[in-house]
Amino acid sequence: MEKTANEKRLEAMRANLAKLENSAEEILRKGAENMTSADREKLLQFVNIAYHDSGKIEGVASIDGTSACEFCSKMRAAAEDDALIICGMCYAFADAWKEAAWRRHKLNARILSSVLFTREELSALVIPSCLGRINEDGDIVNQIHAQNVLRIQTTHNDVNFGFWYKNSAAVDAGLHAEGYFRREELPQNVKFIKSSLLIGFPARPDWFTDEVFTVFPDAETTAAAIAAGAWACNGRKCKDCKYHCYEGSTHVAPVRYIAEYLRTNKARRALVMTAYDAKKAQAQARNN
Ligand code: SF4
């Protein structure tokens, strides 16, 4: 049977993706110590930097990891036993059918977590916006990944980055390896945004955290967090909130909190609310 135009398009897309992946793997198999400078340059050409001309982060260029990484996979497995773990509702994972983005992001994480590139090499990457987001999808995989991201940020001082993470240990190790030990020394064009693992329970900030981003289980809990001083994200477009998460930070202001409303169906929300109420009651009992 003759293939439809859509089938042909998909086939071509998959063939291109496979070509990229195979070329990258061929180089990565040599090991970082045996790569030529041309190999390294070629690997960086495979790193996907996407400009978003519409949607939630319109106007922003993102460099994504992948929710197929080990860290995210462990968190999703943990979410099977705990309805409050936000990774159980990872939209990027659910959207894995967006095959091209999914595979490119996976390749990004593979490359950036395997080879430590020099600042000079990373400075050649073109970031097509003055606003950059790290990890719209996925997380930082290891120290090398964190170092590469920090080097990209510090060689692109004209870009303000929102650096989303959950994997504190990897970012902490990367910062130390890059010579950052105190808040005041952190790059001023980067906002470090820690994404809370548990719905309704803001994560404890790390020494380098600027903002803690938390999804709350319903309208009431979200409103209470905002009334207590949290910045209202609430599914707005980033441009409508003046790119709060991207503007440069001096890192000397106290940590701030951001509240987002959980978007899910009725049944799931009921499940989450039950788990939230139980955890809250436990915490209160401990404090009494
Ligand atoms: S707080 Fe504002 S900038 Fe940050 S994710 Fe939400 S809408 Fe975007």
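Summary of values
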{"item": "Some residue of region 33-55 being aromatic (Phe, Trp, Tyr) and at pLDDT below 90", "result": "no"}
{"item": "Residue check for residue 85: over 23 Å from residue 40 (Cα atoms), under 18 Å from the mean Cα position of the chain (by Cα) and of a type in the set (Val, Ile, Thr)", "result": "yes"}
{"item": "Cβ-Cβ under 9 Å pairs, at least 6 apart or on other chains, region 219-238 side touching a residue at least 40 places away in the same chain (Cβ under 8 Å), far side assigned to a helix (DSSP H, G or I) and more than 8 Å from the ligand (Cβ to nearest atom)", "result": "221/273; 221/276"}
{"item": "Some residue of region 245-257 being among the acidic types (Asp, Glu) and more than 16 Å from the ligand (Cβ to nearest atom)", "result": "no"}
{"item": "In region 7-51, the residues that are small (Gly, Ala, Ser) and assigned to a loop (DSSP other than H, G, I, E, B)", "result": "31"}
{"item": "Tally of residues being among the basic types (Lys, Arg) and either within 17 Å of residue 80 (Cα to Cα) or out of contact with any strand residue (DSSP E or B) (no Cβ under 9 Å at 6 or more places or on another chain) (or both) across region 250-288", "result": "5"}
{"item": "All positions within region 136-162 that are modelled with pLDDT of 95 or more and within 16 Å of the ligand (Cβ to nearest atom)", "result": "159, 160, 161, 162"}
{"item": "Residue identified as touching a Leu at 6+ places or on another chain (Cβ under 8 Å) and within 28 Å of residue 23 (Cα to Cα) among 99, 70", "result": "99"}
{"item": "Condition broken by residue 105, with the remaining ones in (1) without any contact (Cβ under 8 Å) to a residue 60 or more places away in the chain; (2) more than 16 Å from the ligand (Cβ to nearest atom); (3) closer than 25 Å to residue 234 by Cβ; (4) touching a Ser or Thr at 6+ places or on another chain (Cβ under 7 Å) satisfied", "result": "(3)"}
{"item": "Looking only at region 52-71, and only at residues there that are assigned to a loop (DSSP other than H, G, I, E, B) and of a type in the set (Ser, Thr, Tyr), the one that is surrounded by the fewest Cβ atoms within 10 Å (Cβ to Cβ)", "result": "54"}
{"item": "Region 224-244: number of residues that are within 16 Å of the ligand (Cβ to nearest atom), surrounded by fewer than 16 Cβ atoms within 10 Å (Cβ to Cβ) and part of a helix (DSSP H, G or I)", "result": "3"}
{"item": "Candidates 95, 137, 172, filtered to the one that is surrounded by 21 or more Cβ atoms within 10 Å (Cβ to Cβ) and of a type in the set (Asp, Glu)", "result": "137"}
{"item": "Any chance residue 216 is within 16 Å of the ligand (Cβ to nearest atom), of a type in the set (Phe, Trp, Tyr), touching a helix residue (DSSP H, G or I) at 6+ places or on another chain (Cβ under 9 Å) and farther than 21 Å from residue 62 by Cβ", "result": "yes"}
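The values are calculated or read from the model by the stated rules, or taken from the named source; none is laboratory data. This one's a predicted model, so the numbers in the text were calculated from it and none came from an experiment. Please note: Cβ atoms are built from the backbone with ideal geometry, for glycine as well, and neighbour counts cover all protein chains shown.
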